[in-house]
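Every number here is computed from the coordinates shown, using simple stated rules; none is lab data. Quantities reported herein were computed from a predicted structural model and do not represent experimental measurements. Using ideal geometry, Cβ is built from the backbone for each residue, glycine included, and neighbour counts are taken over all protein chains shown.
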Amino acid sequence: MFIHPPFNNLPDGVLLPSEGMNYSVMHQHPTWFLDIKDYITLDTNPDGAIRYPRDLEPPRPRRQKDLLLRCTFCPRTYAGVNAKSMWTRHVREKHRVVLS
């Protein structure tokens, strides 16, 4: 299920926390995906497209070995000590999204 910024109408009436949409919210809802058309990519810059928000990037983990990250555009997941760098590379190379 695709969700779109500014994330005012979320599935099942989910309400965002006071800090708004962030990676943690996306991680809690594995069936939600961002639509690539809403974001500036290395290949295109459609009207109304925005830069990928830093809040939607996974945070730096405290314990690397327990880390499990999911792509916000597709079902792909990454685990382990290199998960954050693999996630970043995947989003840039597979989805061609410009990260902050």
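Over the residues of the chain, the helix contribution to mean residue ellipticity at 222 nm works out to -4500 deg cm²/dmol, using -39500 (n - 2.57) for each DSSP H run of at least 4. Given Cα pairs under 8 Å that are at least 6 residues apart, what percent is the relative contact order of the chain? Computed value for the chain: 27 percent relative contact order. With the simple model of a label 7 Å out from the Cα in the direction of the Cβ, C74 to N8 spans 3.2 nm. For N45 and L15, calculate 0.36 nm times their separation in residues minus their Cα-Cα distance, and state this gained length in nm to one decimal. Net length gain for the segment: 7.8 nm. Rounded, prolate or oblate: which fits the chain, taking a ≥ b ≥ c as square roots of the Cα gyration tensor eigenvalues, rounded meaning a/c under 1.5, else prolate when a/b beats b/c? Taking the square roots of the gyration eigenvalues as a ≥ b ≥ c, the chain is oblate.
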